[in-house]
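Have a look at the structure below before the remarks.
The values are calculated or read from the model by the stated rules, or taken from the named source; none is laboratory data. Only a predicted model underlies this, so the values are computations on that prediction, with no experimental measurement involved. Heads up, the Cβs are rebuilt from the backbone with ideal geometry, glycines too, and the neighbour counts pull from every protein chain shown. Accessible surface areas use protein heavy atoms only, side chains included; no ligands, DNA or RNA. Shrake-Rupley method; radii C 1.70, N 1.55, O 1.52, S 1.80 Å.
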Amino acid sequence: MGLPPSCSSPHCRFPFSPLPPSSLARVSLGGSSGLRCGFSNPSAGASPRTPVPAAAVSAPAPRLVTGLAADSYRRNQKKKEKGYGGSLPAILRALDGSDERRAVHEALDPFAGKLSPKELTVLLREQRDWRRVVQVFQWMRSQGEQYVPNPIHYNVVLRALGRAREWDKLRLCWIDMARDGVLPTNNTYGILVDVFGKAGLVKEALLWLRHMRSRGVFPDEVTMNTVLRILKDSGQFDHGDKFFNDWCSGRVDLQSLDFESDGEPDMGPLSPRHFLLTEMLRSGGRAPMSEIRSAVEEGSRKPRLAATFNTLIDLYGKAGRLKEASDAFADMLRRGIPPDTTTFNTMIHVCGSHGLLSEAEALLVKMEERRIRPDTKTFNIFMSLYASEGNVEAVMLYYRKIRDSGLKADTVTYRIVLLALCERRMVQEVEGVIGEMKEADECVDEQSIPLVIEMYVEEGLVERAKVFFRDHCLTRQIPSKNYAAIIDVYAEKGLWMEAEDVFYAKRASGHRETVEYNVMIKAYGKAKLYEKALSLFERMASSGAWPDECTYNSIIQMLSVGDLPDRASGLLIKMQEAGMRPRCETFSAVIASSGRAGMLDRAENIFQEMKQLGVLPNEVVYGSLIDTFAESGNVEKALHYFHMMESLRLPVNKIVLTSLIKAHSKMGQWKEAQEVYTKVKELADGPDVVASNCMIDLYAHLGMVSEARALFAGLRSNGQANAVSYAIMMYLYKNMGMLGEAIDVAKEMQQAGLLSDCASFNNVMASYATNGQLRECGELLHQMLIQEILPDVATYKIILTVLKKGAISSEAVSQLESAYTAGKCFSREALVTSMFSTVGLHAFALESCETFITAEHALDLFAYNVAISVFASSGETGKALNLFMRMQDERLRPDIVTYINLAGCYGKAGFVEGLKRLYSKLKYGEIESNESLFKAVVDACRESGRLDLAQLVDQEMRFSLSADTESYQTDLSEQSESETDESSAIL
């Protein structure tokens, strides 16, 4: 089945959170207040160990502004609140009004030489797009002597380019800075460290620290905090702690950080980005030697910013060093540095994520005592902590506190609430929260949409899931990976049509990515719609989504499981032609599929091809080969691969050993099988029920009753015996003529509640039928139908056996058997009905009879015969006679079976005249003489109290049958004489 790229097995469930834990923590619970020059607060966020699942704390919805746009938005809000004086508002409006390049000159040329450096800084910072930042800065530099470059302006530009990840333009800006004679400051290096770190380039970010020291600049507290945050977020907790302590001692030990000896990053193959960074590190302004101070000239220092302690506390918390986190908090208070909301948020999260919820609650009280107002993030942290504990009531309590505190719930708030409620399948509460979101003009986050749909599907509310999808997906831009998550929800439940509706739904924008095709193929695979899966696979390339390794591996495994080895092998070749190497599991699936199809040579060829490609076979591959040859009875080959597996020191598991037992069983080699079974018992967890059943089956086929009984007793005592174990023992006892023991096992199996499928019911019913316990057979059949387990071919064979042993004429049995063999309509229903009636379960028989006599479809003669018999046996003779009249109205001529059933009906009703008519027709040859019919009339006469008539019919039967016998013998004699005369003539 098709899987997303992150999946490793066909059953694996599709994950839809796109960010690593550290990123999730920063997005969901990171700091909000800004430091110098627009730096994001390196304060604590959620630990990577945060118990909130990734889907609950992943990236914000697309409708929210993030990154550089968010910074610009906040600055615009401040501008609206504070207001700029002079000509700045008009210039900013002019720059915002047009995206064209000439708009910069039109807006700024009138003010050339009239703007102060501070006003120019404001103009740069207020731009929302890095391109406009560059355009404004180029205009400033074009003013010649009227503009004096300064590091503040370069810092703004470097920050904008770094956040946009425009590395080449950042390099050019850095070189221009050196050409203009502008020396990088602490602020400059802090910005460079920050933007590279946030881009995930941790080593490259730290290289700027080395460049900084080589230029004689010692990091100030803000730059130190930035480096500390990067080390924390990258999980380098020990390096972060050492770096902080070294900084406090007035030095920076660069050797402890992850650098190469030549000072350049260890980047492996050279990429354009790495080349640009190398060039930047070799350039840049350098201060005069007299101004460069060595690293040891800085004296000891102490942090003075709350943001530094926030980062330090979070670092210790994520490292699991709670004492150091507590000591840092106490040191902060001791130094008189007032903690802010972020400080308490960090401490609350550190305590809560380590199970100290009472301490976290106490910190919230401490916040209020210090008159530090909790923010939305504070309550989000508590919600996430209680959600991880499964305490939905506490989650909802803090959710309500946000509104009661005059705060506004954000995207993370709603994500946590919806996740907690959806996991508990609290449909009404989820819909209530979604209603509140609509009132607040908030959209359901794209990561929460699959969760809500999954809740509806799990609760059987598929139609409501469809409505929710239409309302929240079709009118907005949703990433393909989230569509894939929704499709996967339906795929897991086998709802391929609903998955298909989502896949082909008309979208606001975007296109289907490969991951979406993979999950749709998975949906088809689970529904065994292999042709649809292949058709979709073949259309992928033309739709702009090329199959990847996951696509090939999934569809090949899917076809292998579906026992289509030819197609699976063809795709295996096609995958290799596309330059992709199949996974070991894929080869194993094709080998197993080929083995099941009896293609033993192909299985071995694929095994050799696998090794040639450098894919090392594992124990699963060898297990498939061993099982394949074991099933075919080729013990020599099975042992060959087993010994090869042992020589490679691969772990031998119970599955492999069980296959060997199976191989020896095929050949009747019980001693060798016992030796392998002894190896299974030597394993850590001992033999499982499968291995034990294989041994019992071997003993059963060899008639080794005592050995099988001992092994079965051990399974029962351990509670491991399953339906197969009981079935084998019943088979053994029946074959050995030990019917009493077979019935005891059948009853025990029934009492153990192991009758869960058709095969298990058949085994017990067969035992009862063999022992003549026909009523028990009927009761089991009724129980089977109540559980909605459909009878199979074996079941109907047992029913026919019961009918032949029951009080029903051989003609009726033959008629039913012929109808069933011919596949006639209602033949199966008639067999079941007849069995219930034969064993005396008349209520069940009447109920079953109604299923076909009330049908609009015309009935065949056999169905009328069964219905007449059932009603007559149940004492409802009136209905039986009405059916006989209805049969005649439909121009169906009665046969021997009909007359036999009528005789029984007349006898039950005491209708002597009807019996006399039947006797008369038999006597005068209007009805063909038949022993079963004669006996039925005799029994009916006795039941109606006419013993004289019964005696008369009995005499007529004897005379008629005797005459028929004499006539038959005469025919045989004449035929023999004729053959003798012909032989004589020939001689």
> Simple spin-label model, 7 Å along Cα-to-Cβ: GLU389 to TRP546 in nm?
Replying inline: 5.1 nm
>> For a test of the definition: using alpha carbon positions, the gyration tensor, and the 1.5 limit on a/c, classify the range 489-540 as rounded, prolate or oblate.
In response: oblate
> How large is the accessible surface per residue of the range 603-703, computed with a 1.4 Å probe and reported in Å² as a whole number?
Replying inline: 48 Å²
> Can you give the extra length, in nm with one decimal, that the chain gains between ASN771 and LYS921 once fully stretched, where that is 0.36 nm per residue apart less the Cα-Cα distance?
Replying inline: 50.0 nm
> With labels modelled as points extended 7 Å from the Cα through the Cβ direction, what inter-label distance (nm, one decimal) is found for VAL912 paired with GLN674?
Replying inline: 7.4 nm
> What's the extension gain from HIS640 to GLU748 if we count 0.36 nm per residue and subtract their Cα-Cα distance?
Replying inline: 34.7 nm
> Okay, which of the range 704-720 sit inside 17 Å, backbone N to the point 7 Å along the Cα-Cβ direction of VAL690?
Replying inline: 720
>> Output wanted: per-residue J couplings in Hz (rounded whole) for the range 756-761, from phi through Karplus 6.51 cos²θ - 1.76 cosθ + 1.60, θ = phi - 60°, x for Gly and Pro.
In response: 10, 9, 4, 4, 5, 4
>> Only sites in a loop by DSSP and with at most 11 other Cβ atoms within 10 Å count here; which GluC sites (Glu not before Pro) in the range 489-559 make the cut?
In response: none
> For the peptides 109-122, 344-357, what is the packing order when you average, over each peptide's residues, the other Cβ atoms within 10 Å and list the highest mean first?
Replying inline: 344-357, 109-122
> Which FRET efficiency value, to the nearest 0.05, is calculated for ARG403 and ASP246 with the Förster distance at 45 angstrom and r the Cβ-Cβ distance?
Replying inline: 0.45
> What number comes out for the charge environment of ARG602, summing +1 per Lys or Arg and -1 per Asp or Glu over other residues with Cβ under 11 Å away?
Replying inline: -4
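From the Cα gyration tensor of the range 761-839, with a ≥ b ≥ c the square roots of its eigenvalues, which class applies: rounded if a/c is under 1.5, or else prolate if a/b is larger than b/c, or else oblate? Could you put the intermediate results ahead of the total?
Details: a/c = 1.76, a/b = 1.17, b/c = 1.50.
Because a/c hits 1.5 or more and a/b fails to exceed b/c, the range 761-839 counts as oblate.
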>> Using amide H atoms built in the peptide plane, which far-off residues or other-chain residues are under 5 Å from GLY235 H to H?
In response: none
>> Checking the a/c ratio against 1.5 first, then a/b against b/c, what shape does the Cα gyration tensor give for the range 161-236?
In response: oblate
> Over the range 807-965, what is the mean sequence separation of C-alpha contacts under 8 Å (at least six apart), divided by residue count, expressed as relative contact order in percent?
Replying inline: 16 percent
>> If you count only protein heavy atoms with a 1.4 Å probe, what accessible area per residue comes out for the range 807-965, rounded to a whole Å²?
In response: 49 Å²
> In the full protein assembly as shown, how much of ARG507 is accessible to a 1.4 Å probe, in Å² to the nearest 10?
Replying inline: 40 Å²
> Got a number for carbon plus sulfur as a percent of the range 635-727's accessible area, 1.4 Å probe?
Replying inline: 54 percent
> Between ALA362 and ARG215, what length comes free when the chain is fully extended (0.36 nm per residue of separation minus the Cα-Cα distance, one decimal in nm)?
Replying inline: 48.2 nm
> In the range 807-965, what percent of the accessible surface is made up of carbon and sulfur (1.4 Å probe, ligands and nucleic acids excluded)?
Replying inline: 49 percent
>> Modelling each spin label as a point 7 Å along the Cα-to-Cβ direction, I'd like the GLU682/ARG596 distance in nm, to one decimal.
In response: 3.3 nm
> Of the peptides 480-490, 235-245, how do they stack up when ordered by the mean number of other Cβ atoms within 10 Å, highest first?
Replying inline: 480-490, 235-245
> Going through the range 520-581, which trypsin sites (Lys or Arg not before Pro) have at most 15 other Cβ atoms within 10 Å and a DSSP loop state?
Replying inline: LYS528
> Quick one: if the Förster radius is 51 Å, what FRET efficiency do ASP238 and CYS825 give, using the C-beta to C-beta distance and rounding to 0.05?
Replying inline: 0.05
